[in-house]
Amino acid sequence: MKYLNKKQAQSLFEKYLKGECSPEEERLLETFLDSYQDDSKIWTDWGFDASKKQEIWDKIKQQTLNEKKYTIGRVYHQDWIKYAAVVVGITLTSLLYFKNVTVQDHLLPIDEEMVVLQTGEGKNNLSENAAGDILDKDGKVIASQEGGVLSYKKNSSSKELVYNEINVPMGKTFQLVLSDGTQVHLNAGTSLKFPVGFVPGNFREVFLEGEAYFEVTRDEENPFVVKSNDMEVKVLGTHFNVSSYNGSEQHTVLVEGSVSVSHQGGTAEIAKPLVIKPGQKASLVPEGLNVEEVDVGDYIAWIQDILIFNDESFPEIIKKIERRYNVEIQNNYAELTSARFNGKFNEESIIDLMNTFKESANFDYQINDGKIIINKKESGL
């Protein structure tokens, strides 16, 4: 490995500021910066004064703005401030302003829990890379798995309801095809109880805890019903998303077709069904249902493994991050509780995401005993 002396390092910084560094030189500069446990010593050891630090920082901000990998905004008192995201581990930014990412990744172990299918015969662990059949008590194949999709066999002769339940842990998503052909995308931290086969002449009822996107096979004689906590959604055949996590807003977003939504947790007046149109979101409120126009793409992006925050409170964002990455976050920075953010993340690691928020929201974080702890940023660089 090549090492830099003081003169070489200063020369390489100058080339970086002019945009003249080759990929190899940038990697060399990153390696040099990574050797510092205390980032502040870079400036003193190599003779960078305040103006030079500002020049380097301005260059970094411009570079990340040009890359436009993703952006994140913060709202305080209706003021809109946009921040460029930092591409961790690729550009100089990752090493100038973030502590050793590799070390942090090792400090944050992720439990690899399995998707679990509960049948009358017991529990089945479903590996995302596996393939095989699910059998009933008589040895008959009722479903087949192919990777991250579990498909139930069509059974038009069912005379009684036999339920299975699938549980998707934090940090994972899964797909389920019901016996009527209805496709269900299950988000992290979700469980769905459903019949092995639907009985003709009855509602096609399923029971949801968490979040799922449904593509329902049309059957006018047998409406499809999703029951989740205090919300009930009834359809004939359509595409819609239901979110019903404990402690978060319960809502239904309609992509196409029509659905009837009702609040099951109160009086008859509150429980009166309401039909919503594509592009609308129905949320449970104490008075019944609140309907508003939304960008449905923001609510179903999770199917493509995209995480979107649309003017959301920081506590709600923390819940989404914990579900997506299967991590625990403790926020000790009270001011963030009332802050709202916009952002979009795709293939970023949890460290990438936290470092982006760190710069945008101006906080520090550390990892202790596998937990991410957010604190108010100390004064200084």
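The values are calculated or read from the model by the stated rules, or taken from the named source; none is laboratory data. The shown structure was predicted, so the numbers you read here are calculated from the model rather than taken from an experiment. A quick note on method: Cβ atoms are made from the backbone with ideal geometry, for glycine too, and the neighbour counts reach across all protein chains shown. For the accessible areas, the whole protein counts, side chains as well, though only heavy atoms, and no ligand, DNA or RNA atoms are used. Shrake-Rupley method; radii C 1.70, N 1.55, O 1.52, S 1.80 Å.
If we sort 162-170, 141-149 on the protection proxy, mean other Cβ atoms within 10 Å, highest first, what's the order? Don't skip to the end; give the middle numbers.
Values: 162-170: 18.8, 141-149: 16.0.
My ranking of the peptides, most packed first, is 162-170, 141-149.
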In whole Å, how far is the Cα centre of region 213-251 from that of region 308-353?
26 Å
Dipole axis of region 169-245 (+1 Lys, Arg; -1 Asp, Glu on Cβ), positive-most option in 225, 213, 200:
213
Estimated inter-spin distance, residue 338 and residue 11, nm [label 7 Å along Cα→Cβ]:
5.4 nm
Backbone N under 16 Å from the residue 248 label point (7 Å along Cα→Cβ), restricted to region 258-289:
282-284
Expected sort for 13-26, 228-241 on mean C-beta neighbours within 10 Å, highest first, is 228-241, 13-26
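Keeping every protein chain present and rolling a 1.4 Å probe, give me the accessible area per residue for region 278-366 in Å². Please list the in-between numbers first.
Values: 3750 Å² over 89 residues.
Per residue, region 278-366 has 42 Å² of solvent-accessible surface.
Taking 0.36 nm per intervening residue step and subtracting the Cα-Cα distance, what contour gain separates residue 159 from residue 271 on full extension? Numbers along the way, then the final one.
Numbers: separation 112, 0.36 × 112 = 40.32 nm, distance 3.06 nm.
Value of the extension gain: 37.3 nm.
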Efficiency of FRET between residue 125 and residue 18 - r from beta-carbon atoms, R0 56 angstrom, step 0.05
0.50
With θ set to phi - 60° and the Karplus curve 6.51 cos²θ - 1.76 cosθ + 1.60, what are the ³J(HN,Hα) couplings of region 198-204 in order, to the nearest whole Hz, using x for Gly and Pro?
7, 8, x, x, 10, 4, 8
Based on the Cβ-Cβ distance from residue 220 to residue 368, what FRET efficiency comes out when R0 is 51 Å, to the nearest 0.05?
0.35
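Just the number, please: carbon plus sulfur as a percent of the accessible area of region 198-280, 1.4 Å probe, no ligands or DNA/RNA counted. Let's see the in-between values first.
Details: 1670 of 3610 Å².
Carbon and sulfur atoms account for 46 percent of the accessible area of region 198-280.
Taking the Cα centre of region 277-381 as the origin, how large is its charge dipole in debye, to the nearest 20, when only Lys and Arg (+1) and Asp and Glu (-1) carry charge on their Cβ atoms? Write out the running numbers ahead of the final one.
Working: 12 positive and 19 negative charges, 26 e Å.
Its charge dipole is roughly 120 debye.
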